[in-house]
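A.B. asks: Got a structure here, written out as structure tokens. Questions coming.
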Amino acid sequence: MRRHLGEGEGPIIPDVVATDESASGYVWRNQAPLLIPDLREDDRFPKVFGLLREKGFRTYYVFPLTVGEKRIGTLGVGSRVPHAPMGRTTSACCDVWPSWWRLP
């Protein structure tokens with residue numbers, strides 16, 4: 001899986017990461033969002049999550065990107081605040097994500 005990622009100070013995740021070693025690969029294979037409310041409490045994908053933790057990220061969400069039936073990638077969003085965004089908004093977003101994010 002190739003990374004297209006940016007942050008103010010440059011890339012965080014290596015250009016190429018095996019799909020079985022990353023949250024993005026997991027989401028791409030399963031076509032379901034993955035929500036990590038606090039990276040300090042999750043030990044999956046140590047290569048990628050370790051790099052995110054080193055940069056101070058606490059929350060990380062990854063969503064599948066699909067056009068019709070074709071998988072085109074994933075979108076990962078991180079925050080330096082644990083459990084962000086909070087509460088019912090996050091749950092509601094994930095419940096409806098597949099129905100409103102699919103592109104025609």
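A.B. asks: Restricted to segment 19-36, and to residues that are surrounded by 20 or more Cβ atoms within 10 Å (Cβ to Cβ) and of a type outside the set (S, T, N, Q), which residue is nearest to ARG80 (Cα to Cα)?
C.D. replies: Residue satisfying both the conditions and the ranking: ILE36.
A.B. asks: Here are LEU51, LEU5, LEU39: which of them is at pLDDT 90 or above, surrounded by 13 or more Cβ atoms within 10 Å (Cβ to Cβ) and of a type outside the set (Gly, Ala, Ser)?
C.D. replies: Sole residue among the options that is at pLDDT 90 or above, surrounded by 13 or more Cβ atoms within 10 Å (Cβ to Cβ) and of a type outside the set (Gly, Ala, Ser): LEU39.
The values are calculated or read from the model by the stated rules, or taken from the named source; none is laboratory data. Model, not experiment: these values are computed from the prediction. Note that each Cβ is placed from the backbone with ideal geometry, even for glycine, and that neighbours are counted across all protein chains shown.
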